[in-house]
1. Suppose we filter the range 90-100 for residues that are free of Cβ contacts under 8 Å to residues at least 40 places away in the same chain and either surrounded by 18 or more Cβ atoms within 10 Å (Cβ to Cβ) or out of contact with any Phe, Trp or Tyr (no Cβ under 8 Å at 6 or more places or on another chain) (or both); how many remain?
2. I need a count of the residues in the range 68-121 that are aliphatic (A, V, I, L, M) and within 24 Å of Arg8 (Cβ to Cβ).
3. If I filter the range 60-81 for residues that are closer than 17 Å to Tyr154 by Cα and exposed (fewer than 10 other Cβ atoms within 10 Å of the Cβ), do I get at least one hit?
4. List the pairs whose first member sits in the range 7-35 and is without any contact (Cβ under 8 Å) to a residue 24 or more places away in the chain, whose second member is basic (Lys, Arg), and whose Cβ atoms are under 9 Å apart, counting only residues at least 6 apart or on separate chains?
5. May I ask you to list pairs of residues, at least six apart or on different chains, whose Cβ atoms are under 9 Å apart, with the first in the range 101-115 being touching a residue at least 60 places away in the same chain (Cβ under 8 Å) and the second being surrounded by 15 or more Cβ atoms within 10 Å (Cβ to Cβ) and part of a helix (DSSP H, G or I)?
6. Does at least one position in the range 36-49 carry a residue that is surrounded by 11 or more Cβ atoms within 10 Å (Cβ to Cβ), more than 14 Å from the chain's Cα centre (by Cα) and of a type in the set (S, T, N, Q)?
7. Restricting to the range 115-145, name every residue that is of a type in the set (A, V, I, L, M, F, W, C), outside any loop (DSSP other than H, G, I, E, B) and surrounded by fewer than 20 Cβ atoms within 10 Å (Cβ to Cβ).
8. Kindly indicate whether Ala115 is touching a strand residue (DSSP E or B) at 6+ places or on another chain (Cβ under 8 Å) and not β-branched (Val, Ile, Thr).
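The values are calculated or read from the model by the stated rules, or taken from the named source; none is laboratory data. Keep in mind that this is a model prediction, so the values were computed, not measured. Here Cβ is always computed from backbone atoms with ideal geometry, including for glycine, and neighbour counts include all displayed protein chains.
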Amino acid sequence: MASSGLMRGAEMVPKILVGGLVLGAIGTMLFGVLARYVLLPITNWMDVDPVNFFWVEEVGETALAWITLIGAAIGVAERSHFSVAILMHRFPPGVRKAVHYVNHAVIFAFALLVAWLGLKLALLNASLTSPGLEFSLAWVYAPAALGGLLMAIYAIKAARDPAEHTIADVRE
């Protein structure tokens, strides 16, 4: 019982992270719009140094990378990715189970490839810095490594539970 509660708690961490990143990205982009269209004309009119808002793009791009790749892992965990099951209901249960395992093996292999390439890119770019905030560019590529690893873990978990899906399961 405690391990299942611990597992549910561990599955909530990526969701909370992505939610916080979405809110942070929205706030950052709103500041960028405010700075560009309100503060910049005011500082120009007052003939003072403008507010530096060029870091907004870097923060937004980095947040988008994290949101996308961690969000993809969440999609694997919740089985919310697009699938077409036109003929699956016509196959015997053994074939459906085999297709389920093959599907998740492909997801697992792709996720490991993403994680491996993401790690290589993060290590390759670790010594480079962004022009505005001067943070390591490894932070831009690290979500591929983490997201791929999470996708692989979630694919194994999903493969162990071949849940049957019907047309009524489609989310609107």
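1. Counting residues in the range 90-100 that are free of Cβ contacts under 8 Å to residues at least 40 places away in the same chain and either surrounded by 18 or more Cβ atoms within 10 Å (Cβ to Cβ) or out of contact with any Phe, Trp or Tyr (no Cβ under 8 Å at 6 or more places or on another chain) (or both) gives 7.
2. 10
3. Looking for residues that are closer than 17 Å to Tyr154 by Cα and exposed (fewer than 10 other Cβ atoms within 10 Å of the Cβ), one finds at least one in the range 60-81, hence yes.
4. Final answer for the pair search is Met7/Lys157.
5. Tyr101/Ala159
6. yes
7. If the condition is that a residue be of a type in the set (A, V, I, L, M, F, W, C), outside any loop (DSSP other than H, G, I, E, B) and surrounded by fewer than 20 Cβ atoms within 10 Å (Cβ to Cβ), then Trp116, Leu117, Leu119, Leu121, Leu123, Leu124, Ala138, Trp139 are the ones that fit.
8. No.
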